[in-house]
1. I'd like the full set of residues that are surrounded by fewer than 20 Cβ atoms within 10 Å (Cβ to Cβ) and either among the charged types (D, E, K, R) or assigned to a helix (DSSP H, G or I) (or both), limited to the range 116-146.
2. So which residues in the range 142-177 are among the aromatic types (Phe, Trp, Tyr) and without any contact (Cβ under 8 Å) to a residue 60 or more places away in the chain, if there are any at all?
3. Hey, could you check the range 66-76 for residues that are part of a loop (DSSP other than H, G, I, E, B) and open to solvent by 30 Å² or more (accessible area, probe 1.4 Å) and say which is farthest from residue 141 (Cα to Cα)?
4. Of all residues in the range 1-49 being open to solvent by 40 Å² or more (accessible area, probe 1.4 Å) and modelled with pLDDT of 90 or more, which is nearest to residue 82 (Cα to Cα)?
5. Output the number of the condition that residue 355 fails; it satisfies all remaining conditions of (1) in contact with a Pro (Cβ under 9 Å, 6 or more places away or on another chain); (2) in contact (Cβ under 8 Å) with a residue 60 or more places away in the chain.
6. Quick check on my filter: what residues within the range 311-323 are within 20 Å of residue 230 (Cβ to Cβ) and buried (at least 17 other Cβ atoms within 10 Å of the Cβ)?
7. Take the conditions without any contact (Cβ under 8 Å) to a residue 60 or more places away in the chain and either in contact with a helix residue (DSSP H, G or I) (Cβ under 7 Å, 6 or more places away or on another chain) or of a type outside the set (Ser, Thr, Tyr) (or both) and apply them to residue 320. Does it pass?
8. Using the structure shown, decide if residue 103 is within 21 Å of the chain's Cα centre (by Cα), in a loop (DSSP other than H, G, I, E, B) and modelled with pLDDT under 95.
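The values are calculated or read from the model by the stated rules, or taken from the named source; none is laboratory data. Fair warning: this is a prediction, and the values are worked out from it, not measured in the lab. Cβ coordinates were reconstructed from backbone atoms using ideal geometry, including for glycine residues, and neighbour counts include every protein chain displayed. For the accessible areas, the whole protein counts, side chains as well, though only heavy atoms, and no ligand, DNA or RNA atoms are used. Shrake-Rupley method; radii C 1.70, N 1.55, O 1.52, S 1.80 Å.
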Amino acid sequence: MCSNSVTGVILAGGMARRMGGTDKGWIEFEGKPLIQHALDIFRPQVTRCIINANRSLEAYQSLNLEVFTDLEGGYQGPLMGMATGLSNANTDWVAFIPCDSPRLPTDTVSRLLKAVQDGDYDIAVAHDGKRSQPVVALLSRHLLDDLKKSLLNGERKIESWFSQHSCIEVDFSDCIDAFVNVNRRDDLDALIEMPKLLGFSAWSGTGKTTLLKKLIPALRHHGVRLAVIKHAHHQFDVDHPGKDSYELRKSGANQMLIASANRWALMVDKAEPQEPVLADLVSKLDLANLDLVLVEGFKRETIPKIELHRPSLGRPLIFPEDKNIIAVASDEPDTVASELKVMHLADVDSILEFVMEYLKAG
């Protein structure tokens, strides 16, 4: 099975009450309407792309795609849109996305497909690490009759209907802002303000922290508002025995918030050891006041990264296996054969210039 055996359906049939009734598909974002963002992401992933819409029909038809209104009128919700998509599909599998999520990854369909390939499932639904995202899903077309019956019986909740079938949740927690959608006008501002993420990937002993200690003040000097997220591979504590906050936390407070005039810190003890999820950590930051989040560690996360490399450590380069690496900084740059940007690890000015260009890029 491959993506060319999938029909893609963009759900644009809602009333958008929280947007004052404005058709969300035609709201401008970064120079083009949201529906065009959806098409740019989705169309390369499927063999045939259609739109489910209940108004602005001539406008949607101007995109040279087939447009289908709900099987039943009355704006009955996305589950009705899914039934409409299944009814008009000509493949065994049908993928759905909303029209108002312009940050969805370009491998959304292949991730969902892999999940149903690896198991006997009729539905694959995206999960952002915190909750299910039911309108980003892949459905077997043979579910159409059952869905029609459920709608006839008054079912309108996607999750409720999904739970009646073999359904697998697919992990998209590595895609930090994939599911930020536009349900309110404030959401547009949130999307625009979402800071860029840039990771630093390297073997232990390469000098990530040393570089960041030089790079961070240089970025601040250029007016960049930034945060740093660091992965610790061992137990750590930001407080110390004897301090009141430490003693209170150790006495049984699972969460401890300390605040002063200069800073505040929240410490949370997990009930069970569990690897941190980058998306969860990013959501804890004050994103509206950031331009850039530098990430140290988290090598497996699919975010843009600069690889730091020292041949003397005897470790292989990471970038041939990690397609998210966008540049390499090495203390022996002549030894790195790559079409990527290669810089000297000690040349902080060149690395700073690269990061500033990365920030300016669309």
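1. Scanning the range 116-146 gives 117, 118, 120, 122, 130, 131, 141, 142, 144, 145, 146.
2. 162
3. The qualifying residue farthest from residue 141 (Cα to Cα) is 74.
4. Restricting to residues being open to solvent by 40 Å² or more (accessible area, probe 1.4 Å) and modelled with pLDDT of 90 or more, the top hit is 48.
5. With respect to (1) in contact with a Pro (Cβ under 9 Å, 6 or more places away or on another chain); (2) in contact (Cβ under 8 Å) with a residue 60 or more places away in the chain, residue 355 is out only on (1).
6. Once the filter is applied, which keeps residues that are within 20 Å of residue 230 (Cβ to Cβ) and buried (at least 17 other Cβ atoms within 10 Å of the Cβ), the range 311-323 yields only 318.
7. yes
8. Answer is yes for this residue.
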